[in-house]
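K.L.:
There's a structure below that I have some questions on.
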Amino acid sequence: MVNIGDLLIDAGLRRERLEECRGVVANTGETLDRVILQKGYLDEPELLQVYARALGMEYVPKLEGTQVPPDFVNNVPVHFARNYNLVALGANERGVMRVATCSPLDPHPMDDLGSMIGAELDPVLAPKIEITTLIARAYRHKADGVDEAIADVAEDGDIAGLAHELDDVEDVLDVSNKAPIIKLVNTILFQALKLRASDVHFQAFPDRLQVRFRIDGILYDMDSVPRRIHEAIVSRVKIMGKMDIAERRLPQDGRASLRIGDGEVDVRISTVPTTVGERIVMRLLDKTAKIYTVGEIGLTAENEALLREFLNYSHGIILVTGPTGSGKTTTLYAGLSEIDTTTKNVLTIEDPVEYSMPSISQVQVNTKKGLTFAAGLRSFLRQDPDVMMVGEIRDLETAEVAIRAALTGHLVFSTVHTNDSASTITRMIDQGVEPYLVSSSIVLVIAQRLVRTLCKHCREDLPIGEEEAAKLRKVGIDPSEMGGTAAHAPGCEECFQSGYSGRTAIYEFMPIDETLRTEIMEGYTASQLKRSAVSRGMITLREDGRKKIKEGLTTADEVLRVTQMDLE
């Protein structure tokens, strides 16, 4: 018989740590594998491989591309699959269902699962992140019980008698023993989170309440809810956001936290009164979302090298510009993640804090208490900072403090809402900042847009037709450069029939060189500054978009959609 302790020691676990973990198991009743993981003594893949050898089980490191059988999705509730991290991988030649788990020492959920799907099970081991990702993909197209939840609300005679219960952090997976209206709202939010929606809209119509999700920047109509439960849904969402449910004539803003499995999501809630009833928009900010690195955000090799060069500057302002929802914060965090926080003191002030970074100090704006961007920046200057990030420069006061910080030896990151890189300079001057201060403090301006990327499951190269050729010419690509074919995606279940899945960014990098500094001082317009930068090699948004079309990442439609207002 194989000794599990010997295998764990062979895998790198020191004997005294093994004995320590066994002591915890004896006192708490936890399983040995969970204790080892909680203490961080072995990585999960190493630990699972040890148990696979000891128990004679198969270890599957990657589940990408696996098709989950319909029997599993139809018969197993999603909260059961998520709570116990179990997912079926398909039946083998003997008809035995292979089921992935990351808890080799917990057999009871596997027994329950066997009775749910009425089949013999063969457990295999896989990392937790692979299992949770596959579960999310498998249940993405299931109705998620929204229809069932709507039916429950319809049967509930006391719609107005809304349950006012609210935990500090609402778990959207927990719909058991909840009032029907709470179950309905939680189910809709769970569906939104699975589909990677950034916003959830509850839009009132005379005959219904339309639920809409914004996915990859595009709004999609989802479920329709009967008009008569509109007020109950509005009241429930207001309770979640700690808002005044009696006030229906004025706009209100609120905040809430949701939990989905192990992850936590911040929600910003806005209500406005319309002629047909209150309208709600919920912005979902996943606190556990991955922080991208500079190499993962869609930069060309030249732009990546340029950004890394400026990240090492000791002082100056780096501005990222673009409309709302163009990925500016993601770019700023990618830059911050490259900075060595062991040798530099990094502070941020944001509204709200969108990603959690343990190695830096993050401050949330609180205008009611007087903590504005400008006030936060001023206090940062007394905190011996090396690098500071301010969420947005939206007024003269914040601009002046940021410039003072840059001129006194600090590197400052921020965002501005403008159309392109050159108009950022004129916007700062229009706010009242002296041109000589703008030219001496700003070192780099990055304009960006997000374009949807083609779905890798249904992407194909097709011959270029007349319509496609016209779009390519409009973007600035001669169809002959494409070799006769262009990438298309007709749409499939994986991409919500849209042909697109995920997004990448297109960029316009404008370093402020000596020529531009002189031109800023001389009062050049935005278009003159842009032409000057382009003449010295600046790649515009359209040009970067062209590169991504040629690489087959996106389409001419997408580049035209996001760059229609930009000048060449």
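The values are calculated or read from the model by the stated rules, or taken from the named source; none is laboratory data. Please read all numbers here as calculations on a predicted model, not as lab measurements. When we count neighbours, we look across all protein chains shown, and the Cβ atoms used for this are built from the backbone with ideal geometry, even at glycine. Remember, those area values only see protein heavy atoms, side chains included, never the ligands or the DNA or RNA. Shrake-Rupley method; radii C 1.70, N 1.55, O 1.52, S 1.80 Å.
K.L.:
Rounded to a whole number, what % of the accessible area of the range 1-93 do carbon and sulfur atoms account for, probe 1.4 Å?
P.N.:
46 percent
K.L.:
Given 20 °C and 1.002 mPa s, compute D for the range 315-461 with the Stokes-Einstein relation, Rh being the Kirkwood radius over Cα pairs; round to the nearest whole µm²/s. Before the final figure, lay out the partial values.
P.N.:
Numbers: Rh = 16.0 Å.
D, rounded to a whole number, is 134 µm²/s.
K.L.:
Further, regarding this structure: Starting from the alpha-carbon convex hull of the range 470-538, give the projected area averaged over all orientations, in nm².
P.N.:
Here the figure is 7.4 nm², rounded to one decimal.
K.L.:
How high is the relative contact order of the chain, given as a whole-number percent (alpha carbon pairs under 8 Å, six or more residues apart)?
P.N.:
Normalised by residue count, the contact order of the chain is 8 percent.
K.L.:
Over the range 267-385, with every protein chain in place, what whole percent of the accessible area is carbon and sulfur at 1.4 Å, could you tell me?
P.N.:
50 percent
K.L.:
Keeping every protein chain in place, order 84, 51 by accessible area at 1.4 Å, biggest value first, i.e. largest first.
P.N.:
Result, largest first: 84, 51.
K.L.:
Could you tell me the calculated FRET efficiency between residue 466 and residue 255, based on Cβ-Cβ distance and R0 = 60 angstrom, to the nearest 0.05?
P.N.:
For R0 = 60 Å, the calculated efficiency reads 0.75.
K.L.:
Calculate the length of the line joining the C-alpha centroid of the range 26-87 to that of the range 212-279, in whole Å.
P.N.:
35 Å
K.L.:
Also, I was wondering about something else. Counting other Cβ atoms within 10 Å, keep those with at most 15, restrict to DSSP loop, and tell me which GluC sites (Glu not before Pro) in the range 331-440 are left.
P.N.:
Those satisfying the criteria are 338.
K.L.:
Keeping all protein chains in the complex and leaving out DNA, RNA and ligands, what accessible area do you get for residue 286 with a 1.4 Å probe, in Å² to the nearest 10?
P.N.:
Residue 286 has an accessible surface of roughly 60 Å² with all protein chains in place.
K.L.:
Another question, then. Taking a probe of 1.4 Å, how large is the accessible area per residue of the chain, in Å²?
P.N.:
For the chain, the per-residue accessible area is 46 Å².
K.L.:
Still on this structure, I have one more. With a 1.4 Å probe and all protein chains kept in place, how much accessible area does residue 521 have, in Å² rounded to the nearest 10?
P.N.:
Counting only protein heavy atoms, the figure is 110 Å².
K.L.:
Rank these by accessible area, largest first, 1.4 Å probe: 272, 353.
P.N.:
Largest to smallest exposure gives the sequence 272, 353.
K.L.:
Quick one: what Rg and Dmax do you get for the range 1-131 from the alpha carbons, in Å?
P.N.:
Cα-based Rg and Dmax for the range 1-131 come out at 15.5, 46 Å.
K.L.:
So for each of 419-425, 100-106 I average, over its residues, the number of other beta carbons within 10 Å; can you give me the resulting order with the highest mean first?
P.N.:
For the peptides 419-425, 100-106, the packing ranking is 419-425, 100-106.
K.L.:
Pop out the carbon and sulfur fraction of the accessible area of the range 465-568 as a percent, whole number, probe 1.4 Å.
P.N.:
Its accessible area is 50 percent carbon and sulfur atoms.
K.L.:
More than 14 angstrom separation, counting every C-alpha pair in the range 281-340; what % is that?
P.N.:
For the range 281-340, the share of Cα pairs beyond 14 Å comes to 62 percent.
K.L.:
Enumerate the whole-percent occupancy of each 10 Å bin, from 0 to the last occupied one, for all C-alpha pair distances of the range 413-456.
P.N.:
For the range 413-456, the pair-distance distribution reads 23, 48, 14, 10, 4.
K.L.:
A further question follows. So what's the projected area for the range 318-372, the Cα convex hull averaged over all directions, in nm²? Present the calculation step by step, with values, prior to reporting the outcome.
P.N.:
Values: hull surface 18.2 nm².
Dividing the Cα hull surface by four gives the mean projection, 4.5 nm².
K.L.:
So, one more: Which GluC sites (Glu not before Pro) from the range 437-542 combine a DSSP loop assignment with at most 12 other Cβ atoms within 10 Å?
P.N.:
When the GluC sites (Glu not before Pro) of the range 437-542 are filtered for loop state and at most 12 Cβ neighbours within 10 Å, 522 remain.
K.L.:
Could you list, by residue number, the cysteines of the chain that have no other cysteine's beta carbon within less than 4.7 Å of their beta carbon?
P.N.:
21, 102
K.L.:
In whole angstrom, and with the biggest value first, how far do the Cα coordinates of the range 236-325 range along each principal axis?
P.N.:
Reported extents, whole Å, longest axis first: 54, 33, 24.
K.L.:
Quick one: work out Rg over Rh on the C-alpha atoms of the chain, Rh as Kirkwood radius.
P.N.:
Values: Rg = 26.9 Å, Rh = 27.0 Å.
On the Cα set of the chain, Rg over Rh gives 1.00.
K.L.:
Given R₀ = 41 Å, what would the calculated FRET efficiency be for residue 342 paired with residue 531, taking r from the Cβ atoms and rounding to 0.05?
P.N.:
0.45
K.L.:
Separate question: Select from the range 1-77 those trypsin sites (Lys or Arg not before Pro) which occupy a DSSP coil region and have at most 15 other Cβ atoms within 10 Å, ordered by residue number.
P.N.:
Here the trypsin sites (Lys or Arg not before Pro) that fit, given the DSSP loop and packing criteria, are 14, 62.
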